[in-house]
Each structure stands twice: as structure tokens, then as C-alpha cells.
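What follows is calculated from the coordinates using simple rules that are stated; it is not laboratory data. All of these numbers come straight from a predicted model, not from anything done at the bench. Methodologically, a virtual Cβ is constructed for each residue, glycine included, from the backbone with ideal geometry; neighbour enumeration extends over all protein chains shown.
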Amino acid sequence: MNKCFDVIALGELLIDFTENGQSEQGNPLMEANPGGAPCNVLAMLQKLDKRTAFVGKVGRDMFGSQLRQAAEGAGICMDFLLEDTHTHTTLAFVKTFPNGDRDFSFYRDPGADMMLRSDELPLDAIRSTRIFHFGTLSMTHPEVRFATRKAVTVAKSAGALISFDPNLRPPLWFSLEEAREQIAWGLSRSDILKIADNELEFMTGEKDFDRGAGKLQQTYPGIKILNVTAGAEGSYCYYGDKRVFVPGFLLGGTIETTGAGDTFCACVLNYALEHRIEKLNEKQLTEMLRFANAAAYLVTTKKGAIRSMPEREQIEAILANN
């Protein structure tokens with residue numbers, strides 16, 4: 001069966017308000033950056049000439065219009081973006097620390113992205129993608145959780161690879177135990193996993209990456225590519241009995257880390273689209289991580305994500321010179 005899309009992602013599309021100096025009166029100025037992890041992933045894939053589409057919902061308001069325009073400008077198919085007439089677009093306010101890390105405050109109780117229903121899913125499109133990508137922000141509440149699970153099930157039944165990024169945001173959950181349960185469901189359906197170091201510890205109780213990854217591999221044997229990101233330190237890939245580590249690119253100029261993990265995830269999915277993932281060797285896994293690390297570094301040198309994704313040539317220049 002010919003697939004119409006390389007990657008379809010489902011989930012949140014929101015505005016990240018990031019700090020951008022102070023006004024003359026000393027008040028903080030906030031820049032309205034289009035974002036949301038699933039669309040960040042797709043924006044990077046578009047830079048790598050892949051065919052992508054987004055499934056989700058925004059409010060029928062100025063922010064929803066801004067998000068549609070930004071995603072379409074990035075080349076993402078937005079035919080399946082719905083508008084909610086009663087619920088506003090979700091907003092996130094991002095506090096950036098000196099080392100580039102962030103703290104989030106969400107305006108999402110409710111937010112339009114939570115309003116997606118299973119009967120609104122474009123099932124034919126979901127069946128026509130090579131990879132289906134999702135996270136857990138679309139699993140925090142019952143109705144959108146049911147829609148997410150249905151989409152994953154349909155995509156997997158149609159032969160798509162399932163990509164999962166837990167993207168744990170504790171303030172959005174009623175309880176951390178509920179978050180753990182929903183992440184476990186996502187892990188059980190995953191072919192390709194991107195999990196951050198803190199999320200690995202959250203799910204396994206292990207600070208040691210090797211032990212934590214080993215626990216996930218044992219519990220969820222369906223995961224073919226298991227990547228652990230450790231911020232500026234670098235990234236790890238666990239693939240069968242293989243383990244590869246590639247350090248991060250510490251070249252200076254980091255402003256903030258918004259979108260870095262999503263950029264990394266996109267580059268891994270791009271590699272999976274261009275290679276047979278059943279028989280990857282250590283050289284290929286290293287190549288995959290180096291490219292993803294370089295792209296993730298570049299996005300930290302700009303604010304925001306969707307409009308900050310690097311070009312392939314920029315990534316290759318980093319690799320050639322380092």
C-alpha cells in the first residue's frame with residue numbers, strides 16, 4: 001500500500017510565551033512562539049523533505065490562527081487541524097533559567113487541544129502514514145486520551161511504526177500515578193522511543209541509564225529503537241544488545257532548550273524513514289545520534305521551535321567541522 005504521509009503526529013498545538021527582555025517600565029516582555037511538541041517534530045521533518053501532517057485542535061481565536069499559519073508556513077499539512085468554538089487555544093508560559101533549562105506554566109483547564117474526540121479523527125489519513133508519532137499531553141484527560149489510543153491502534157493495525165515521546169509535564173496531570181499508567185500504555189505500543197533522563201528515572205526508578213533502559217527493554221520488548229536523551233551531555237541508543245553513546249555538541253550560543261528534544265526525535269524518525277531499522281549496526285546508530293544531537297544543539301541557539309528548526313546544510317556543517 002502506498003503511504004500518503006511519512007509522519008503524522010497527534011497532540012497539542014499551543015503558544016509558548018518566552019521571556020524576551022524587559023519594557024521601559026521594567027515589565028517582562030513575552031514573545032508568542034508557536035509550539036507544541038508534535039508539531040515541533042513535524043517542522044524539523046519538513047526541513048528534511050518529509051511529508052507530514054498534524055492531527056489536533058486549537059481554539060477559534062487569534063492564537064489558533066497564528067498556529068495554523070506558522071505550521072502551514074513550515075510546510076506541514078494542516079488539513080486535519082480542527083477549531084473549537086467554545087474553548088481557547090492552550091497557552092504555555094516558559095521561564096528560562098541561565099543554563100537554558102525551562103519551567104512551564106500552562107493555561108489549559110481546559111485548552112482546545114484537550115477537546116479532540118475520537119469521532120473527529122481522520123482515520124483514512126492515519127492509515128496512510130509510515131510513522132505515527134504521539135506524546136502524553138494528549139492523554140491527560142479521558143476524551144482526548146480515548147482519541148489518542150484509537151489513532152495509535154488504527155495506525156499500528158495499518159502497519160505504521162509507532163513513535164512515542166512521553167514528554168512528561170507533571171502540572172498537567174491529576175496525579176503522577178495516572179501519568180505513569182498512561183506512559184506505560186504508550187511504551188507498550190512503541191516501536192521508536194525518545195525518553196528523557198528524568199522520564200527514564202520516573203518510569204524505572206533507575207538513575208543509571210543502562211539499568212533503566214534494560215528494564216524498559218525487558219518490560220516492553222516491542223521497542224526497536226530506544227533513545228535516552230541527557231540534555232547537553234548527549235544521547236544514548238539501546239538497540240537490541242547494542243548500546244551507543246554520542247556526546248552533545250557544546251559549541252556555545254545556547255539561548256534556551258525549547259524544542260531540542262523534539263528536533264532530536266524528528267531526526268531519529270527521519271533516519272528510520274531512510275533506513276531499514278531491523279538491521280542497524282553500531283556505525284549507523286552513531287551516525288543517527290550525531291545528526292540528531294547536532295540538530296538539537298542548533299535549535300537551542302534560537303528562541304521557540306517551529307520557526308527555529310535548522311536546515312540540513314547547517315546540521316551537516318556542524319558534523320563536518322566537529
Cβ density ranking, 10 Å radius, fewest first, applied to HIS275, HIS133 yields HIS275, HIS133
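When Lys and Arg each count +1 and Asp and Glu each count -1, what net charge do the other residues less than 12 Å away from LEU161, Cβ to Cβ, add up to?
Numbers: positive: LYS3, ARG130, LYS156, ARG189, LYS224, ARG276; negative: ASP6, ASP191, GLU278.
Combined, the nearby Lys, Arg, Asp and Glu give +3.
Quick one: work out the % antiparallel among DSSP beta bridges in the chain, nearest 5.
Values: 23 of 53 bridges.
Antiparallel bridges make up about 45 percent of those DSSP assigns within the chain.
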The chain, Gaussian network, Cα under 10 Å: of GLN46, GLN25, GLN284, the residue fluctuating most is GLN25
Cross-link reach from LYS302 to lysines, straight Cα distance under 27 Å and at least 8 residues apart if same chain, gives LYS47, LYS50, LYS57, LYS95, LYS194
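Which whole-number percent of Cα pairs in the chain have a distance greater than 29 Å? Don't skip to the answer; put the middle values down first.
Working: 16122 of 51681 pairs.
Of all Cα-Cα distances in the chain, 31 percent exceed 29 Å.
Quick check for me: using +1 on Lys/Arg Cβ and -1 on Asp/Glu Cβ, what's the dipole size of the chain about its Cα centre, in debye to the nearest 20? All intermediate terms of the calculation are to be shown ahead of the outcome.
Details: 35 positive and 42 negative charges, 179 e Å.
Computed charge dipole of the chain: roughly 860 debye.
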Simple spin-label estimate for ASN321/CYS4, 7 Å along Cα→Cβ, in nm, reads 4.2
One finds, for ARG307 and GLN25 with R0 = 35 angstrom and r their Cβ-Cβ distance, a FRET efficiency to the nearest 0.05 of 0.80
Proxy exposure order for LEU319, LEU200 (fewest C-beta within 10 Å first) is LEU319, LEU200
Treating every alpha carbon of the stretch 67-135 as one equal point scatterer without solvent, the Debye formula yields log10 I(q)/I(0) values at q = 0.22, 0.27 Å⁻¹ of -1.17, -1.25
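Averaged over all directions, how much area does the convex hull of the C-alpha atoms of the stretch 1-100 cover when projected, in nm²? Could you put the intermediate results ahead of the total?
Numbers: hull surface 33.6 nm².
Across all orientations, the stretch 1-100 yields a mean hull projection of 8.4 nm².
What do you get for GluC sites (Glu not before Pro) in the stretch 1-89 restricted to DSSP loop and a cutoff of at most 15 other Cβ within 10 Å of the site's Cβ?
GLU24
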Short to long, in 10 Å steps from zero, the percent of alpha-carbon pairs of the stretch 110-234 per bin is 13, 43, 33, 11, 0
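Using 0.36 nm per residue of separation minus the Cα-Cα distance, give me the extension gain between SER105 and LEU82 in nm, one decimal. Could the numbers behind the result be given before it?
On the way: separation 23, 0.36 × 23 = 8.28 nm, distance 2.42 nm.
Full-extension gain reported as 5.9 nm.
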Semi-axes (Å, rounded, descending) of the ellipsoid equivalent to the stretch 208-322 per its C-alpha gyration tensor are 25, 15, 13
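Among ARG290, ARG189, which comes first, second and so on when ranked by fewest other beta-carbon atoms within 10 Å? Each step should come with its number before you reach the end.
Values: ARG290 21, ARG189 18.
Ranking ARG290, ARG189 by Cβ neighbours within 10 Å, fewest first, gives ARG189, ARG290.
If the only charges are +1 at each Lys and Arg Cβ and -1 at each Asp and Glu Cβ, what is the size of the charge dipole of the stretch 170-322 around the Cα centre, to the nearest 20 debye?
Approximately 260 debye in magnitude.
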